[in-house]
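This report refers to the structure that appears directly beneath it.
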Amino acid sequence: MKIAVLAGDGIGPEVTHEAVRVLEALGLPGLELSEGDVGAAAYRAHGHPLPEATVDLARASDAVLFGAVGDPACDHLERALRPEQAVLGLRTHLTLFANLRPAKAFAGLEELSALRPEIARKIDLLIVRELNGDVYFGDKGHRTLDDGRRQGWDMMAYAEDEVRRIAHLAFRAAQGRGKRLTSVDKANVLETSQLWRDVVIEVAADYPDIALDHMYVDNAAMQLVRAPGAFDVVLTGNLFGDILSDQASMCVGSIGLLASASLGERQTDYGTFGLYEPIHGSAPDIAGQGKANPMAAILSAAMMLRHSFGRETEAARIEAAVARALADGVRGGDLGGSAGTCAIGDAVLERL
Ligand code: IPM
Ligand code: MG
């Protein structure tokens, strides 16, 4: 069971360290961890945020445990050398086209949600975000118009096969949950979205057991704070999914609690190859201070065991240990408490 550990920048190394401790504590036979450089750390060491050796390491592994990338000191660099390109590059090089971002209320944390507790309590949804296309990867550039004004531009596009493969994955995810799927687009304005909607409707014919509905993204943003409990699986494109998943995290209570999986079609001896990361990012303002909440990283390791290694029992054990620590009042700074990174790791380990 080969795992590439790419801790990256900011709080990435601190939180990933705790996730690794939890993994190691399970004592799974054959677990092999190898570290690689990624993000600003890799740029400093090798002149590139995603060195070839790191891509090779990821390819030779069964799963990638990812920390975070991003460093304000790199914001002046040309786009291709910025740390964010590392995660975008891994998503495309490894054809990780599906991003699974579950958001579920934790018992006892309703008060921390940006929403009223009785609304927050009902959240149990899964965002399935497309990761390899959309305006993220279309042609882009800047130019000077004939009248001398500068213009920036980005091309938004989806090909039907790109929509079809993520739609199938989302329908299957819905089969394993509440059997409801909401496809989010902006088909009232965008041709990209009209094609998206048409293809999702075609794919739906294979899944008569799933109740499908369509929602414009502006309305989805509103419903997500009005009645998030009404969603089961939300299927959407790269840009809308980026925005809605951050929003969903605040509805739950903290971005420090949400894990994610990025999956493709490659199968290994153990399961589906994937990259697992907390969704909080590098948080440079608190990096290196031992203050970051490692729970999202620990929960990412649980998702890895579930999807890439078929270890449902161990995944559920980790999730129960985190839920238990939260129920016992273990709170990081993001949750209004004062427990540090290592103390939270210890608390989860004790309950494991
Ligand atoms: C995310 C992040 C990335 C994205 C950035 C770091 C490129 O915001 O994973 O949601 O926009 O996809
Ligand atoms: Mg994001």
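The values are calculated or read from the model by the stated rules, or taken from the named source; none is laboratory data. Keep in mind the model is a prediction, meaning the values are calculated, not measured. Virtual Cβ from ideal backbone geometry, glycine too; neighbours counted across all protein chains shown. Note: accessible area is taken over every heavy atom of the protein model, side chains too, but ligands, DNA and RNA are not part of it. Shrake-Rupley method; radii C 1.70, N 1.55, O 1.52, S 1.80 Å.
Which residues, taken from the stretch 49-91, are β-branched (V, I, T), within 15 Å of ligand 2 (Cβ to nearest atom) and either free of Cβ contacts under 8 Å to residues at least 60 places away in the same chain or closer than 24 Å to F309 by Cα (or both)? Across the stretch 49-91, the qualifying residue is only V87.
Evaluated against (1) of a type outside the set (V, I, T); (2) assigned to a loop (DSSP other than H, G, I, E, B); (3) over 21 Å from A261 (Cα atoms), L96 falls short on exactly one condition, (3).
Of all residues in the stretch 135-177, those being within 16 Å of ligand 1 (Cβ to nearest atom) and basic (K, R) number 1.
Of all residues in the stretch 283-304, those satisfying the criterion of being buried (at least 24 other Cβ atoms within 10 Å of the Cβ) and within 15 Å of ligand 2 (Cβ to nearest atom) are A296, S300.
Every residue, every condition in (1) part of a helix (DSSP H, G or I); (2) acidic (D, E); (3) not assigned by TED's automatic domain parsing to the domain that holds A204, yes or no:
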| residue | (1), (2), (3) |
| --- | --- |
| L125 | no, no, no |
| V128 | no, no, no |
| N132 | no, no, no |
| G138 | no, no, no |
| G141 | no, no, no |
| D147 | no, yes, no |
| D161 | yes, yes, no |
| R164 | yes, no, no |
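Looking only at the stretch 70-103, residues that are open to solvent by less than 20 Å² (accessible area, probe 1.4 Å), near ligand 1 (Cβ under 8 Å from one of its atoms) and hydrophobic (A, V, I, L, M, F, W, C) come to 1 in all.
Check A323, A287 and return the single one that is touching a residue at least 60 places away in the same chain (Cβ under 8 Å), farther than 19 Å from F106 by Cα and out of contact with any strand residue (DSSP E or B) (no Cβ under 7 Å at 6 or more places or on another chain). So the residue among A323, A287 that is touching a residue at least 60 places away in the same chain (Cβ under 8 Å), farther than 19 Å from F106 by Cα and out of contact with any strand residue (DSSP E or B) (no Cβ under 7 Å at 6 or more places or on another chain) is A287. Would the stretch 12-28 turn up any residue that is assigned by TED's automatic domain parsing to the domain that holds A80, among the hydroxyl-bearing types (S, T, Y) and touching a residue at least 60 places away in the same chain (Cβ under 8 Å)? Yes, there is a match, as at least one residue in the stretch 12-28 is assigned by TED's automatic domain parsing to the domain that holds A80, among the hydroxyl-bearing types (S, T, Y) and touching a residue at least 60 places away in the same chain (Cβ under 8 Å).
Only one residue in L33, L6 is surrounded by fewer than 23 Cβ atoms within 10 Å (Cβ to Cβ) and modelled with pLDDT of 95 or more, so which one is that?
Values: L6 fails: surrounded by fewer than 23 Cβ atoms within 10 Å (Cβ to Cβ).
So the residue among L33, L6 that is surrounded by fewer than 23 Cβ atoms within 10 Å (Cβ to Cβ) and modelled with pLDDT of 95 or more is L33.
Where helices (runs of 4 or more DSSP H) sit wholly within the stretch 294-352, those with at least 1 residues that are among the acidic types (D, E) occupy 312-327, 341-351.
Being open to solvent by less than 60 Å² (accessible area, probe 1.4 Å) and either of a type in the set (A, V, I, L, M) or in contact with a Lys or Arg (Cβ under 7 Å, 6 or more places away or on another chain) (or both) is the filter here, so list the residues in the stretch 113-126 that pass it.
Start the filter on the stretch 113-126 by keeping residues that are open to solvent by less than 60 Å² (accessible area, probe 1.4 Å), which leaves 113, 115, 117, 119-120, 123, 125-126.
Matches in the stretch 113-126: L115, I119, A120, I123, L125, L126.
In the set D134, D139, only one residue is closer than 20 Å to G264 by Cβ and in contact (Cβ under 8 Å) with a residue 12 or more places away in the chain; that residue is D134. Selection within the stretch 305-321: residues that are touching a helix residue (DSSP H, G or I) at 6+ places or on another chain (Cβ under 9 Å) and open to solvent by less than 10 Å² (accessible area, probe 1.4 Å). The member of this set that is farthest from L28 (Cα to Cα) is A321. Among residues of the stretch 329-352 that are over 15 Å from K291 (Cα atoms) and open to solvent by less than 20 Å² (accessible area, probe 1.4 Å), those with a beta-carbon under 9 Å from a residue that is assigned to a helix (DSSP H, G or I) and of a type in the set (D, E) at least six positions away or on a different chain give the pairs V348/E18.
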